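Undergrad: One structure, pasted below without further comment.
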């Protein structure tokens, strides 16, 4: 999977700026923070979130419970928004292609690459699969799958969602258990936002989540969407109940309106 490279282009303005001379886009460069102490992680106290990617995260379970929860969300929510930003940027670029009468080689290469990436057989399917969903659902799954950041996979591999690795050439770590005599490996990511991008792609591609994707096209209601994620875990309905409980007890839906602070976007002129 390609690196975020920390220089992401906001194409949501593409349709408005594509005809300007010279063309312009908005660019975001997330702040990189190597955590020395839990105090380095900003607590989310505003709906406009500073784009920060934290590295060397602490063992949250060593903090008092409420502080550990606040710091975990403080570290993960910006990474979720950055991941959604990256996916939405490319999705808007694909959407802009539908307005063009003739594609050049670069346009075709972009479309083919994204179609393969999301396993889409049509433009409509591709745009549907590239949708993202409410922050509260992503947070709840990250909390459950990583044990509020206490799992070894999170600590050693930035893997928030327990995503397996089947590719021997990609960065990964071995799980402590095997299944049916076969060694299990989990993917290792450069940062947690990469893990979140991969999570969105997993939900977009897997047949098990097709009903979730279909529902996501028509609603952002968390109560409606969560039951469609029952196949994310072998625990099925118990997993759904756990997600619902986590969302309710921690009032995670309050984060659904949060977005990256536009103050950190900079207008850039593209070469002709």
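All of the numbers you see were taken from the coordinates with simple rules; none came from a lab. Just so you know, these numbers come straight off a predicted model, no measurement behind them. We place every Cβ from the backbone using ideal geometry, glycine too, and count neighbours over all the protein chains shown.
Undergrad: Under a crude label model (7 Å from the Cα following the beta-carbon direction), how far is residue 152 from residue 116 in nanometres?
TA: Placing both labels 7 Å along Cα→Cβ, they lie 3.5 nm apart.
Undergrad: For residue 169 and residue 103, calculate 0.36 nm times their separation in residues minus their Cα-Cα distance, and state this gained length in nm to one decimal.
TA: Values: separation 66, 0.36 × 66 = 23.76 nm, distance 3.40 nm.
The span from residue 169 to residue 103 would gain 20.4 nm if fully extended.
Undergrad: Nearest 10 degrees is fine. How inclined is helix 237-249 to the longest principal axis of the chain, computing both from alpha carbons?
TA: The angle comes out at about 80 degrees.
Undergrad: Note the angle between two axes, namely the Cα long axis of helix 65-97 and the longest principal axis of the Cα atoms of the chain, as a number of degrees from 0 to 90, rounded to the nearest 10.
TA: 30
Undergrad: How far is helix 192-205 tilted off the main Cα axis of the chain, in degrees rounded to 10, range 0 to 90?
TA: Taking Cα atoms only, the helix is inclined about 80 degrees.
Undergrad: Starting from a Cα-only point model with no solvent, please compute log10 I(q)/I(0) by Debye for the chain at q = 0.08, 0.09, 0.11 1/Å.
TA: Results for the chain at q = 0.08, 0.09, 0.11 Å⁻¹ read -0.34, -0.43, -0.66.
Undergrad: Can you work out the FRET efficiency for the pair residue 234 and residue 27, with r the C-beta to C-beta distance and R0 = 45 Å, to the nearest 0.05?
TA: Values: r = 42 Å, r/R0 = 0.94.
Given R0 = 45 Å and the Cβ-Cβ separation, E is 0.60.
Undergrad: Show me the ranking of peptides 124-133, 182-191 by mean Cβ neighbours inside 10 Å, starting with the highest.
TA: Working: 124-133: 18.4, 182-191: 16.7.
For the peptides 124-133, 182-191, the packing ranking is 124-133, 182-191.
Undergrad: Under the rule a/c < 1.5 gives rounded, and otherwise a/b versus b/c splits prolate from oblate, where does region 126-272 land using the Cα gyration tensor?
TA: Note, shape of region 126-272 comes out oblate.
Undergrad: I've got another one for you. Give, in nm to one decimal, the length gained when the segment between residue 180 and residue 61 is fully stretched (0.36 nm per residue of separation minus the Cα-Cα distance).
TA: Working: separation 119, 0.36 × 119 = 42.84 nm, distance 3.17 nm.
Separation in residues times 0.36 nm, less the Cα-Cα distance, equals 39.7 nm.
Undergrad: Determine the equivalent ellipsoid of region 55-118 by diagonalising the alpha-carbon gyration tensor, then write out the semi-axes as square roots of 5 times the eigenvalues, largest first, rounded to whole Å.
TA: Values: eigenvalues 333, 24, 10 Å².
Over the Cα atoms of region 55-118, the ellipsoid semi-axes are 41, 11, 7 Å.
Undergrad: Report for the chain the percent antiparallel among DSSP-assigned beta bridges with both residues inside it, nearest 5.
TA: Values: 14 of 20 bridges.
Looking only at bridges with both residues in the chain, the antiparallel portion is about 70 percent.
Undergrad: Using a 10 angstrom cutoff on alpha carbons, build the Gaussian network for the chain and name the most mobile of 94, 144, 35.
TA: 35
Undergrad: Turning to a different aspect of this structure: Report the extension gain between residue 39 and residue 125 in nm, rounded to one decimal, defined as 0.36 nm multiplied by the number of residues separating them, less their alpha carbon distance. Let's see the in-between values first.
TA: Numbers: separation 86, 0.36 × 86 = 30.96 nm, distance 4.33 nm.
Gain in length upon complete extension: 26.6 nm.
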